[in-house]
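A.B. asks: Take this structure, written in structure tokens, and hold onto it; I'll ask about it next.
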Amino acid sequence: MVREVMARMERFPQKEQGGIFQNMEDAIMAAKKAQNIMQKMPMDFREKIICHIRKKTREEGELLARMGVEETGMGNVGDKTLKHLLLADKTPGTEAITTKAWSGDRGLTLTERGPFGVIGAITPCTNPSETVLCNSIGMIAGGNTVVFCPHPQAVQVSNYAVQLVNQASIEVGGPENIVVSLHNPTMETSSYMMKHKDIPLIVATGGPLVVTAVLSSGKRGIGAGAGNPPVLVDETADIKKAAIDIINGCTFDNNLPCIAEKEVVALEQITDELIYYMKENGGFFISNEELERLTSLVMTKKVLNRSCVGRDAKTLLSMIGVKAPEETRCILFEGPKEHPLIAEELMMPILGIVRARDIEDAICQAVWLEHGNRHSAHMHSRNVENLTRFGKAIDTAIFVKNAPSYAALGFGGEGFCTFTIASRTGEGLTCASTFTKSRRCVMADSLCIR
Ligand code: NAD
């Protein structure tokens, strides 16, 4: 795989290899130069570059998926390939940048969306190339160029995606270095980027530490932080469908998406039936003794064991000496909401199930489990009142009803795709318009022809 990738990298003869630099200052300067060119380009030309990025993402989605799994040891190639196809098809481009107009006796006023300039984007190891490509489409559509700081555990695949974007630009006659990155990104280089005078906006996709770092930078920051999405099932739900949807959502890319079902809160009277159908659909219910061993493995000394993140259920079970049946997709157990494998965001296909007395109790427990992240929550119910009550109480950027969590990304649901969900700072699902600033243009006493 590495040899295959190196061969593809040689398509960039220049020493910085398609936007990958040795030091941050050079990277920022190159992105600034590209942005000066970009600013003068017609919107149509931005769209032409974006179309080509989409095409290349479709063509190389599977390779990127294989690289991501190989480099990070997380997720699975089939689902990661689907994620690349999804972002290629459903990430909004320039059409998301709209103008508002007021016209009347005193003339014409427009509010237009303009670029910030060079955006600094910090990306995670859980969706590495997906985030780089999705951010690139939205940020370029807004007229910006981007300095990426990829997660050190996913540098190769993230930088390969950066090169792909530059290649797309160059092939249609656009500038080089519309997105840039470093050969060896570190905390120090991220910190240099965050303080740089030529970076007016920082977008962080990752856990709580990076979002806090960005929000403390003194710059405008968009913080797409951690979640711990509960899925609530009440007695009115189609229980069999709920079980299938929950297993499908929870196991997608081995539970890496931040939106994926991380624990279940079920009403007492339907919990046994729900577990029955979950077991029929690849759920493997573990014993108390196995749960103890799994807890020691996954939360070693109460800290998340990162070598378990993004692993599939059978691998996790084999790590505690359990040989699971071939069809196993998800590990199930019952427990109180405070159990560490329920309360913590794990990002692996382990679903703790919490019983609730009634809908009040269920809502209360699910809200507690979301920890005020205001990120994602899901529910299976046919009772509109219950759905409304939970939606209001949990107050998350994403609330999926009667579907797997990935419907929120436009996969089996309506709406656009993004891999940067700004939960902490409130922008919600980001797209091109999120990466633009507002500008009012006024023509007094003319141009109104009503
Ligand atoms: P992570 O926080 O370990 O790393 C994310 C990025 O931040 C990396 O590039 C890392 O190098 C950088 N980073 C970390 N701490 C930093 C600091 N103090 N200063 C500067 N940079 C820093 O996260 P991860 O393991 O790569 O991704 C998983 C986490 O991200 C989960 O919590 C998940 O919920 C969250 N996530 C959120 C979204 C969203 O859209 N809200 C999307 C994907 C992942």
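A.B. asks: When you count, for each residue, the other Cβ atoms within 10 Å and take the mean per peptide, how do 86-95, 163-172 rank with the highest first?
C.D. replies: Packing order, densest peptide first, comes out as 163-172, 86-95.
A.B. asks: If each of E326 and V384 carries a label point 7 Å out from its Cα toward its Cβ, how far apart are those two points in nm?
C.D. replies: About 4.7 nm, to one decimal.
A.B. asks: Further question on the same structure: Looking at region 265-328, which trypsin sites (Lys or Arg not before Pro) are in a loop (DSSP not H, G, I, E or B) and have at most 10 other Cβ atoms within 10 Å?
C.D. replies: K301, K302, K323
A.B. asks: Can I ask one more? Which residue, chosen from V354, V233, V214, occupies the Cα position most advanced towards the positive end of the dipole of the chain, where the dipole is computed from +1 (Lys, Arg) and -1 (Asp, Glu) charges on Cβ about the Cα centre?
C.D. replies: V214
A.B. asks: Could the peptides 208-221, 421-434 be put in order, highest first, of the mean number of other beta-carbon atoms found within 10 Å of their residues?
C.D. replies: 421-434, 208-221
A.B. asks: Can you tell me what the convex hull of the Cα atoms of region 69-190 projects to on average, as an area in nm²?
C.D. replies: 9.7 nm²
A.B. asks: Something else about it: Can you tell me the Rg and the Dmax, both Å, for the Cα atoms in region 363-450?
C.D. replies: Computed over the Cα atoms of region 363-450, radius of gyration and Dmax are 18.4, 59 Å.
A.B. asks: Compute for region 134-266: radius of gyration divided by Kirkwood radius, i.e. Rg/Rh, restricted to C-alpha atoms, rounded to two decimals. Can you show the working numbers first?
C.D. replies: Working: Rg = 19.0 Å, Rh = 17.5 Å.
My calculation of the ratio gives 1.09.
A.B. asks: Continuing with the same structure: For region 171-231, just the Cα atoms, rotate onto the principal axes and tell me the three extents in Å, largest first.
C.D. replies: Each principal axis gives a Cα extent; for region 171-231 these are 47, 30, 24 Å.
A.B. asks: Further question: Which three lengths, in whole Å and largest first, does region 233-350 cover when its Cα atoms are put on their principal axes?
C.D. replies: Over region 233-350, Cα extents along the principal axes are 40, 31, 28 Å.
A.B. asks: By how many degrees, between 0 and 90 and to the nearest 10, does the Cα long axis of helix 268-280 differ from the longest principal axis of the chain?
C.D. replies: It is inclined by approximately 80 degrees.
A.B. asks: Evaluate the relative contact order of region 52-96 (contact order divided by residue number), counting alpha-carbon pairs under 8 angstrom at least 6 apart; express in whole percent.
C.D. replies: Computed over region 52-96, the figure is 45 percent.
A.B. asks: Filter the GluC sites (Glu not before Pro) in region 295-353 down to the DSSP loop ones having no more than 14 other Cβ atoms within 10 Å, then list what survives.
C.D. replies: Working: sites: E326, E327, E334, E338, E344, E345; in loops: E326, E327, E338, E344, E345.
The qualifying sites are E326, E327, E338.
A.B. asks: Dipole magnitude of region 328-408 about its Cα centre, charges +1 at Lys/Arg Cβ and -1 at Asp/Glu Cβ only, in debye to the nearest 20? Don't skip to the answer; put the middle values down first.
C.D. replies: Details: 9 positive and 10 negative charges, 60 e Å.
Charge dipole of region 328-408: 280 debye, to the nearest 20.
A.B. asks: Applying the Karplus parametrisation 6.51 cos²θ - 1.76 cosθ + 1.60 with θ = phi - 60° to the phi angles of region 295-309, what ³J(HN,Hα) value in whole Hz is obtained for each residue in order, glycine and proline being reported as x?
C.D. replies: Each residue's phi maps through the Karplus curve to give 5, 5, 6, 7, 10, 5, 6, 6, 10, 4, 7, 5, 6, 9, 5 Hz.
A.B. asks: Evaluate the charge dipole of region 266-369 about its Cα centre and quote only its size in Debye, nearest 20, assuming +1 on the Cβ of each Lys and Arg and -1 on the Cβ of each Asp and Glu.
C.D. replies: Details: 12 positive and 17 negative charges, 123 e Å.
For region 266-369, the charge dipole is close to 600 debye.
A.B. asks: Magnitude of the Cβ-charge dipole of the chain, K/R +1 and D/E -1, about the Cα centre, nearest 20 debye?
C.D. replies: In debye, rounded to 20, the chain gives about 1640.
A.B. asks: Can you list the HN-Hα couplings for region 163-174, worked out from phi with the Karplus curve (6.51, -1.76, 1.60; θ = phi - 60°), rounded to whole Hz and with x for Gly and Pro?
C.D. replies: Taking θ as phi minus 60°, the curve returns 4, 4, 5, 5, 4, 4, 5, 4, 5, 9, x, x Hz for region 163-174.
A.B. asks: OK, next. Please state the relative contact order of the chain as a whole percent: Cα pairs under 8 Å, 6+ residues apart?
C.D. replies: 21 percent
A.B. asks: A follow-up question, please. What's the local net charge at K83, with K and R +1, D and E -1, over the other residues with C-beta under 9 Å away?
C.D. replies: So the environment of K83 carries a net charge of -2.
A.B. asks: Over all distinct Cα pairs, what is the inverse of the mean 1/r for region 315-366, reported as the Kirkwood hydrodynamic radius in Å?
C.D. replies: Evaluated over region 315-366, this radius sits at 12.6 Å.
A.B. asks: Hey, what do the phi angles of region 424-435 turn into as Karplus ³J(HN,Hα) couplings, whole Hz, using 6.51/-1.76/1.60 and θ = phi - 60°, x for Gly and Pro?
C.D. replies: 5, 9, x, 6, x, 6, 7, 8, 3, 5, 5, 9
A.B. asks: On a straight-distance basis, which lysines could pair with K100 in a cross-link, Cα separation under 19 angstrom, same-chain partners fewer than 8 positions away excluded?
C.D. replies: Counting by Cα, and skipping residues close in sequence, K100 has these lysines nearby: K437.
A.B. asks: Run through every distinct alpha carbon pair of the chain and return the Kirkwood hydrodynamic radius in angstroms, one decimal place. Don't skip to the answer; put the middle values down first.
C.D. replies: Details: mean 1/r = 0.0437 Å⁻¹.
For the chain, inverting the mean 1/r across all distinct Cα pairs yields 22.9 Å.
A.B. asks: Below 8 Å, C-alpha to C-alpha, sequence gap of six or more: please give me the relative contact order for region 360-450 in percent.
C.D. replies: 22 percent
A.B. asks: At a Cα cut-off below 13 Å, give the aspartates and glutamates reachable from K240, other chains included and same-chain residues fewer than 8 away excluded.
C.D. replies: By straight Cα distance, K240 reaches D272, E273, E280.
A.B. asks: Would you pull out the residues with amide H under 5 Å of G207's amide H, same chain only if 5 or more places away, H placed 1.01 Å from N?
C.D. replies: For G207, no residues qualify.
A.B. asks: Which of the lysines could a cross-linker span from K48 if the Cα-Cα distance has to be under 18 Å and same-chain partners fewer than 8 positions apart are dropped?
C.D. replies: K40, K56, K90
A.B. asks: What's the percent breakdown of Cα-Cα distances in region 312-398 across 5 Å bins, shortest bin first?
C.D. replies: 3, 12, 20, 21, 17, 12, 9, 5, 1, 0
A.B. asks: On a C-alpha basis, how far is the centre of region 167-215 from the centre of region 124-160 in Å? Whole number, if you could?
C.D. replies: 8 Å
Bear in mind these aren't lab numbers, they're just calculated from the coordinates by the rules spelled out. Because the structure is a prediction, the values reported are computed rather than measured. Backbone-built Cβ (ideal geometry, glycine too); neighbour counts: all protein chains shown.
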